[in-house]
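Just below is one structure, and these are the notes that go with it.
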Amino acid sequence: MTRLTGVNIIHLDKLQSMVTNPEDREILARAMDLAEVAGKSHRPQVTDFYDPYRCAMIARAMGYLPDLAVVVDGGYPAAERSRVLIFPDYMFAGDVDTGLSFLAVKGSFRFNTVTHRDYLGALLGLGLRREKLGDILVGEDGAQLVVAAEVVDFIKMGLTGVGRVRVTVHEINRAEVKPPARDYREIKVTVQSLRLDAVAAHGFGLSRTKMAGEIAAGKIYLNWRLCLDPSAPVRPGDMISARGRGRVAVEQTGGQTKKGRTNLLLHRYGSNR
């Protein structure tokens, strides 16, 4: 049974107090409930699918609990949505099921182009919650889905069409998952300062004033976390997401120009997850 020491409690309380977003606090509370079950029953528990920020938040919280270990698994190395497996630390991680299943959706898409949004809409139209769905990997002749194992049969029976295209669904194994190459547009710019509003404006092709409005409206995420501060610092390796506009990866910063501006390399991706 998992027992918290005074030091553990102090660190965990501090972490929980730093989580100000109500939705994040609820997610963390559900994860703590799963940890309690795992500790008492000695049986692995698994969360829903979350973005990298929330998975990291849960994993960090679990680090303050003795006798438990975690694995973050989205089905393949570059997954953007993953589940967190919480299990007793005496178990070998490779022997514990992370509750993932993999599906291939096939159809005649030659004359009917569909997007990630079409697939997601068809799945949510079945009554599924987004948290039960991992990445949706769209290809030329269909898509591969990473989903919670508990919804596989429901999807196989219910998903008969995507857009106007009739589809078939069958299970595949993890080794068959082949993420498509992610196309991006390289953007080289100079910025006065590495602020979120300045960098995002260049990345998404908007004016700085327009981007400030997008940030204030809660449409911009920095490293998968909602950010309402236009002056938030941006660093190489950061990911900026904008609702309906895709993502911009901050690849690197270079030297400064004679006018004191910073050279910046960005990669802009469409929304395909």
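What follows is calculated from the coordinates using simple rules that are stated; it is not laboratory data. Note that this is a predicted model, so its numbers are computed, not measured. Backbone-built Cβ (ideal geometry, glycine too); neighbour counts: all protein chains shown.
At most 14 other Cβ atoms within 10 Å and a DSSP loop assignment: could you name the GluC sites (Glu not before Pro) in the range 119-206 that fit? Could the numbers behind the result be given before it?
On the way: sites: GLU131, GLU140, GLU150, GLU171, GLU176, GLU186; in loops: GLU140.
For GluC sites (Glu not before Pro) across the range 119-206 that sit outside H, G, I, E and B with at most 14 neighbouring Cβ atoms in 10 Å, the list reads GLU140.
What's the whole-number percent of alpha carbon pairs in the range 201-273 lying beyond 18 angstrom? Mind showing how you got there, number by number?
On the way: 1002 of 2628 pairs.
Here the long-distance tail beyond 18 Å is 38 percent of all Cα pairs in the range 201-273.
Sequence neighbours fewer than 8 away in the same chain don't count; with that in mind, list the lysines whose C-alpha is under 18 Å from LYS258.
LYS188
Taking 0.36 nm per residue of separation and subtracting the Cα-Cα distance, what length does fully extending SER193 through ALA149 add?
11.3 nm
Based on the Cβ-Cβ distance from TYR269 to TYR90, what FRET efficiency comes out when R0 is 30 Å, to the nearest 0.05?
On the way: r = 41 Å, r/R0 = 1.36.
Using R0 = 30 Å, I get an efficiency of 0.15.
Per residue of the range 252-258, what does 6.51 cos²θ - 1.76 cosθ + 1.60 with θ = phi - 60° give for ³J(HN,Hα)? Whole Hz please, x for Gly and Pro, Karplus curve as stated.
Along the range 252-258, the couplings run 6, 10, x, x, 9, 6, 4 Hz.
Under a crude label model (7 Å from the Cα following the beta-carbon direction), how far is ASP141 from ARG261 in nanometres?
My value for the distance between the label points is 4.8 nm.
Return ASP229, ASP118 ranked ascending by Cβ neighbour count within 10 Å, so the fewest neighbours appear first. Don't jump to the answer; show the numbers that get you there.
Details: ASP229 13, ASP118 19.
By the 10 Å Cβ count, ascending, the order reads ASP229, ASP118.
By counting other Cβ atoms within 10 Å of each Cβ, how are THR47, THR257 ranked from fewest to most?
Working: THR47 23, THR257 10.
In increasing order of surrounding Cβ atoms, one gets THR257, THR47.
From the phi of every residue in the range 39-45, what ³J(HN,Hα) in whole Hz does the Karplus formula 6.51 cos²θ - 1.76 cosθ + 1.60 yield, where θ is phi - 60° and glycine or proline is x?
Result, ordered by residue: x, 7, 9, 6, 10, x, 10 Hz.
Between the range 75-145 and the range 21-41, how many Å separate their Cα centres?
First find each Cα centre; the distance between them is then 23 Å.
Can you sort HIS170, HIS202 from fewest to most other Cβ atoms within 10 Å of each residue's own Cβ?
Working: HIS170 9, HIS202 19.
Ranked by crowding around the Cβ, least crowded first: HIS170, HIS202.
Can you pull the one-decimal nm distance between simple spin-label points at SER207 and ARG130, each 7 Å off the Cα toward Cβ?
Taking the two extended label points, one gets 3.0 nm.
With just the Cα atoms of the range 103-178, tell me how far they stretch along each of the three principal axes, in Å, largest first.
Extents along the principal axes: 33, 28, 19 Å.
Sorted from largest down, what three extents in whole angstroms do the Cα atoms of the chain have along their principal axes?
Sorted largest first, the three principal extents are 63, 59, 30 Å.
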